[in-house]
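Notes follow the structure.
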Amino acid sequence: MASMFQAYVDSQAAAREDFGRMLRLWRERNGWTQYTAERWGREAGFRTVSSGNISMVEQGKAGDLRAQAHFQLADVNRRIAAKDWGSIKSQEIRQALAEVKPICGDDGQVWGPTEFWSCYVGLLPVPLAYQRPVNEPIPEVSGDLAAELSAQWQQQFTQEASRRGLDPIETLQGVARQAPAAQRKSLRAVLASFRDYEAGELTELWAGEWLPERWIRLWSEGLEPAGGGEDGEKLAP
């Protein structure tokens, strides 16, 4: 029994990462931002997980979630399945709900709080539709490709910072926090155009996609929309 429990403890990080990836894929397939559910709930008068905490969950960094969070996720899922939109006035929210689909198990059943909790702690696998695909082999990387990718990521970061009126240098740390500690210094240097990645470095930055691109995307999705956002209730003590 002790070995079973230890195996459960050891599986927590992977389970949370898979759960977060499921939520991100579900949200992106529905055309939602990290703020959509929160804004919908605010208009319709129900509580849901805040946008800031959704970002942490999607990154697998939320730690132990309180039961309330799983019930809030399940409530959003139930409302979607029942097309129970509530009283909404915003055209933006109406459009966001037009083609939205709930998270369902492989048996087609809409997930409730039990399924969300069981998946989060690793006792229930992510539905097949959201499971991580087998990683494609790393592309062959030359010095020219490394320089091209570095320039692409530099442009992607600076354009997003400029679009939102942010100072690129001041916001570098925000992107760097999406990366493991060992990768942050080189990521900041590349995005600040101090240097390019070398071909050899990029072999460590492939996980079915280029990790710098993923880190920039996670940073961008976590930014508040124009006009600011509202802090939500924390998920864990």
**Prompt:** Would you call Gly31 more than 22 Å from Gln178 (Cβ to Cβ) and in a helix (DSSP H, G or I)?
**Reply:** no
**Asked** Residues of region 139-154 being over 22 Å from the mean Cα position of the chain (by Cα) and either under 15 Å from Trp215 (Cβ atoms) or of a type in the set (Gly, Ala, Ser) (or both), which ones?
**Response** Ser142, Gly143, Ala146, Ala147, Leu149, Ser150, Ala151
**Prompt:** Looking only at region 36-78, which residues are assigned to a loop (DSSP other than H, G, I, E, B) and crowded, with 21+ Cβ neighbours inside 10 Å?
**Reply:** Thr48, Val49, Ser50, Ala62, Leu65
**Prompt:** What number of residues within region 69-101 are within 14 Å of Arg47 (Cα to Cα) and within 20 Å of the chain's Cα centre (by Cα)?
**Reply:** 9
**Asked** Checking Lys61 against (1) of a type in the set (Lys, Arg); (2) under 27 Å from Trp219 (Cβ atoms); (3) over 11 Å from the mean Cα position of the chain (by Cα), which test does it fail?
**Response** (3)
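Yes/no per residue for (1) among the hydrophobic types (A, V, I, L, M, F, W, C); (2) surrounded by 14 or more Cβ atoms within 10 Å (Cβ to Cβ):
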site: Ile80; (1), (2): yes, yes
site: Pro102; (1), (2): no, yes
site: Trp111; (1), (2): yes, yes
site: Thr114; (1), (2): no, no
site: Cys119; (1), (2): yes, yes
site: Ala151; (1), (2): yes, no
**Request:** Please specify each residue of region 51-107 satisfying the condition of being modelled with pLDDT under 90, small (Gly, Ala, Ser) and under 20 Å from Gly31 (Cβ atoms).
**Result:** Ser51, Ser55
**Long-range neighbours under 7 Å by Cβ, at least six apart or interchain, first residue assigned by TED's automatic domain parsing to the domain that holds Leu25 and closer than 13 Å to Ala74 by Cα within region 97-120, second of a type in the set (S, T, N, Q) and at pLDDT 95 or above** = Pro102/Asn77; Ile103/Asn77; Val110/Asn77; Trp111/Asn77
**Prompt:** Which residue out of Pro113, Pro125 is closer than 30 Å to Ala15 by Cβ and modelled with pLDDT of 95 or more?
**Reply:** Pro113
**Request:** Kindly check whether there is at least one residue in region 190-207 that is closer than 21 Å to Gly60 by Cα, surrounded by fewer than 18 Cβ atoms within 10 Å (Cβ to Cβ) and among the hydrophobic types (A, V, I, L, M, F, W, C).
**Result:** yes
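The values are calculated or read from the model by the stated rules, or taken from the named source; none is laboratory data. All values derive from a computational prediction rather than experimental measurement. Using ideal geometry, Cβ is built from the backbone for each residue, glycine included, and neighbour counts are taken over all protein chains shown.
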